[in-house]
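Visitor: Quick one: this structure, given as structure tokens, is what I'll be asking you about.
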Amino acid sequence: MKIEIKSWFNHKVLFSHNVKNNSTKLTLEAAVTAKANLTDADLTGADLTGADLVGTHLSSVNLSNANLANANLANADLAGTDLISTSLISAHLAGAHLTRTNLTGANLAGANLIDANLTDANLVDTNLMDVNLTNANLANINLARANLIGANLTNTNLDGANLIDASLVDTNLTGANLAGANLANAELTYANLAGANLAGANLTGANLSHTNLASTDLAGADLTNANLANADLSSVDLTYATLAGTNLSGTNLARTNLADVDLARANLTYANLTGANLTDADLTDADLTNADLTDADLTGANLTGINLADTNLADTNLADQIKG
């Protein structure tokens with residue numbers, strides 16, 4: 001049976017294959033073996049389950065709605081490729097080049113994307129549950145509303161990424177670079193962000209309850225109205241961060257740098273602030289009921305309207321620079 005691979009651009013035949021019991025998968029693999037030029041190939045809706053496409057050049061190919069489940073695309077060039085609503089379940093994409101690729105609505109659950117390059121790619125509404133993105137480059141990627149539950153993003157570069165409304169529950173982001181990323185209203189409960197860089201990130205309205213943020217850089221980050229209840233923020237740098245209206249109930253802020261931080265109206269009930277640096281912080285109308293401020297430095301802080309009921313102030317520095 002003869003099967004032709006044509007260009008989506010001008011319908012020109014790019015490769016043909018004629019064998020008994022032929023399939024699109026066999027034809028594509030034959031084209032790869034023959035080193036055919038498949039630029040602009042139309043493989044819309046093709047069944048390529050388990051295809052061996054290691055190192056294949058598929059730039060600008062249309063693979064929308066195709067089935068690439070369990071396919072081996074390690075080190076493949078998929079730059080600018082259309083993968084809208086494509087199934088890549090458990091696909092092997094380690095080292096793949098996916099710059100500017102459109103993966104809107106695609107299913108990559110369980111896929112291996114270690115060391116992959118997804119710079120400027122579009123993954124809006126994409127399913128990335130349990131994906132391995134260790135050391136991947138996702139700079140400026142669009143992951144709005146994406147499902148990243150249980151994903152491994154250790155040491156991943158997400159500089160400037162769009163993660164608005166994304167689900168990152170139980171995600172491993174240890175050592176990840178999220179500088180300047182937009183995580184507004186993202187769901188990050190039980191995520192591990194230890195040692196991550198979130199400097200200047202937008203986390204307004206994000207849910208970070210029970211999240212591990214130990215030793216994270218949150219300098220200049222916007223956490224307005226975020227939920228950080230019972231999170232671990234020990235040894236975190238929050239210099240010039242905004243936490244107005246933030247829920248920090250039961251949060252571990254031991255030895256955290258909160259100098260010049262806006263904590264107006266913040267909920268810090270039962271928070272651990274031992275040894276924290278709160279110099280020049282704005283704690284206007286903040287609730288610190290039952291909080292532990294042992295050895296904390298509040299020099300120059302604004303305590304107007306603050307609630308310190310049952311707060312532990314042992315050895316706290318309440319120098320006369322305090323405003324209010």
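Coordinate-derived values only; no laboratory data. Remember, it's a predicted structure, so these values are computed and weren't measured experimentally. So basically every Cβ, Gly included, is an ideal-geometry build from the backbone, and we count neighbours across all protein chains shown.
Visitor: In a shell of Cβ-Cβ distance under 11 Å around Gly200, excluding Gly200 itself, what net charge do Lys and Arg (+1) and Asp and Glu (-1) give?
Guide: Value of the local net charge: -3.
Visitor: So how do Glu187, Glu4, Glu29 line up by other beta-carbon neighbours within 10 Å, fewest first? Show your work: numbers first, answer last.
Guide: Numbers: Glu187 21, Glu4 12, Glu29 17.
Result, fewest neighbours first: Glu4, Glu29, Glu187.
Visitor: First select every other residue whose beta carbon is under 12 angstrom from the beta carbon of Ile164; then total the charges, Lys and Arg +1, Asp and Glu -1.
Guide: -2
Visitor: Another question about this same structure. Tell me, what ³J(HN,Hα) does each residue in region 74-81 have, in order and in whole Hz, if you take phi through Karplus 6.51 cos²θ - 1.76 cosθ + 1.60 with θ = phi - 60° and put x for Gly and Pro?
Guide: With coefficients 6.51, -1.76 and 1.60, one gets 4, 6, 6, 9, 10, 4, x, 6 Hz.
Visitor: A further question follows. What label, among [x] 52, 14, 14; [y] 46, 22, 17; [z] 38, 27, 19, belongs to semi-axes √(5λ) of the Cα gyration tensor in Å computed from the structure on display?
Guide: The listed entry that was calculated here is [x].
Visitor: Using a Gaussian network model of the chain with C-alpha springs under 10 Å, which one of Ala229, Ala36, Ala196 is most mobile by mean-square fluctuation?
Guide: The residue that fluctuates most here is Ala36.
Visitor: GNM on the chain, C-alpha springs below 10 Å: top fluctuator among Ile114, Ile306, Ile149?
Guide: Ile306
Visitor: A further question on this structure: Length gain on complete extension for the stretch Ala314 to Val19, per 0.36 nm per residue less the alpha carbon to alpha carbon distance?
Guide: Length difference between fully extended and current span is 97.9 nm.
Visitor: In a shell of Cβ-Cβ distance under 14 Å around Thr81, excluding Thr81 itself, what net charge do Lys and Arg (+1) and Asp and Glu (-1) give?
Guide: Local net charge: -4.
Visitor: Also: Assuming R0 = 30 Å, can you tell me the calculated FRET efficiency for the pair Thr44 and Asn155, based on Cβ-Cβ distance, to the nearest 0.05?
Guide: 0.25
Visitor: How big is the dipole moment of the chain about its Cα centre under a simple scheme where the beta carbon of each Lys and Arg is +1, that of each Asp and Glu is -1, and everything else is neutral? Debye, nearest 20, please.
Guide: 1620 debye
Visitor: Can you work out the FRET efficiency for the pair Glu4 and Tyr240, with r the C-beta to C-beta distance and R0 = 45 Å, to the nearest 0.05?
Guide: It comes out at approximately 0.15.
Visitor: Please name whichever of Thr294, Ala71, Gly275 sits farthest to the positive end of the charge dipole of the chain, dipole taken about the Cα centre and charges placed at Cβ: Lys and Arg +1, Asp and Glu -1.
Guide: Ala71
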